[in-house]
Amino acid sequence: MSLEALVNQNYQHFSESDRVVWAYLSNHREECKDIAIKRMAEHCCVSHSAVMRFAQRLGFKGFAELKLYLKMDGQKVPVKNDLTHICELYQNVMNTMCEKNCDPMFKAFDTARERYIFGEGMVQASIKKEFKRIFMSGGYMLYDAPSGQEMYNLLPLIESDDFCILISVSGENKKMVEIARRLHLAGVTLMSITKNRENTLAHLCNFNLYVDESNHFETPIHWQYESTTGYFILIDILFFKYLDYHQRKETSHEIG
């Protein structure tokens, strides 16, 4: 998992000091790979212990372990060609999803009163359609939120015991972020699907799913193409994990 994904996963629990430390680290990544904790605290105008708590908030034992992770996170294998890059992207999605514990998300999804899915744009519409199609075979109908101004008109109907999926490739779509803010304040459980980068939408959601960024490839007619297949792989594996979760739950119920 990238450092940005760790931050997105824990951002809701950040203190003001945590946000200050992350802002400095994210803007000075190279410098912070070897910086002393005392120097880091001085740059951020926070205490030594505040920097330590930030590292621990992300799941590290201390600041030294965070710096080691930062160094490893920056070590990217050079891409030999476009095909190698795109195959590595698909493999990363598969590995990440197979390792991810989705049980808390599935429990919230299962027990929700209603389930909604939001997304604007052609790519997001395709992802929504595939998500709805696959989970329909599991017995779940997702309410496809309309685009444009009609999305806002839907918000008063959504209650705190509902579950909403928000799709934004960048994670910075203004309408999606605004909707996430309103739903977050209303106590609605939210799940985001975005690129694997620090983004505002992920910060506002209870659960986050990511796809690594794809290179842009130039086609023979000089159009820019970016693969979106990773999102469909993600959804497919997510559903198989849901089937496993459901089977384990049924088995536990029978034993109980």
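Taking the Cα centre of the range 180-229 as reference, the dipole from Cβ charges on Lys and Arg (+1) and Asp and Glu (-1) amounts to some 360 debye. What are the aspartates and glutamates whose alpha-carbon lies under 15 Å from the alpha-carbon of K129, with same-chain residues fewer than 8 places away excluded? Within the straight-line limit of under 15 Å, K129 reaches these aspartates and glutamates: E120, D144, D236. Computed over the range 81-165, relative contact order equals 38 percent, with contacts defined as Cα pairs under 8 Å that lie 6+ residues apart. Sorting the segments 241-250, 102-111 by their mean number of nearby beta carbons within 10 angstrom, highest to lowest, gives 102-111, 241-250.
The calculated FRET efficiency for the pair N206 and C87, based on their C-beta separation and a Förster distance of 35 Å, comes to about 0.65.
For the range 80-160, the alpha carbon positions stretch 50, 30, 22 Å along the principal axes, listed from largest to smallest.
Length gained on full extension, Q12 to N153: 48.1 nm, using 0.36 nm per residue less the C-alpha separation.
Take the eigenvalues of the Cα gyration tensor for the range 150-256, scale each by 5, and report the square roots as semi-axes in whole Å, largest first. Don't jump to the answer; show the numbers that get you there.
Values: eigenvalues 172, 108, 23 Å².
Semi-axis lengths for the range 150-256 are 29, 23, 11 Å.
When the range 1-91 is described by a simple charge dipole with +1 on each Lys and Arg Cβ and -1 on each Asp and Glu Cβ, the residue from H48, H28, H13 located farthest towards its positive end is H48. In summary, the aspartates and glutamates within cross-link reach of K67, defined as a Cα separation below 16 angstrom excluding same-chain residues under 8 places away, comprise E4, D18, E30, E31, D34. Close amide H pairs (under 5 Å, H built 1.01 Å from N) link S192 with L166, F207, N208, L209, residues at least 5 positions away or on another chain.
Structure note, pairs K61/K241; K174/K195; K38/K100: Cα-Cα distances above 25 angstrom occur for K61/K241; K38/K100. Specify whether the C-alpha gyration tensor of the range 1-78 places it in the rounded, prolate or oblate class, a ≥ b ≥ c being the square roots of the eigenvalues: rounded for a/c under 1.5, otherwise prolate if a/b is larger than b/c and oblate if not. Oblate. Were the residues from R113 through K71 laid out at 0.36 nm apart, the gain over their Cα-Cα distance would be 10.7 nm.
Ratio of the chain's C-alpha Rg to 2.2 N^0.38 Å, to two decimals?
Working: Rg = 19.8 Å, N = 256, 2.2 N^0.38 = 18.1 Å.
Cα-based Rg divided by the globular estimate yields 1.10.
Please report, in debye to the nearest 20, how large the charge dipole of the range 110-256 is about its Cα centre when each Lys and Arg carries +1 at its beta carbon and each Asp and Glu carries -1 there. Don't skip to the end; give the middle numbers.
Working: 15 positive and 20 negative charges, 28 e Å.
So the magnitude is around 140 debye.
Since every read-out is calculated from the coordinates, none of them should be taken as a lab result. Small disclaimer: the values here were computed from a predicted structure and weren't measured. Positions of Cβ are generated from backbone atoms using ideal geometry, with glycine treated the same way; all protein chains shown enter the neighbour counts.
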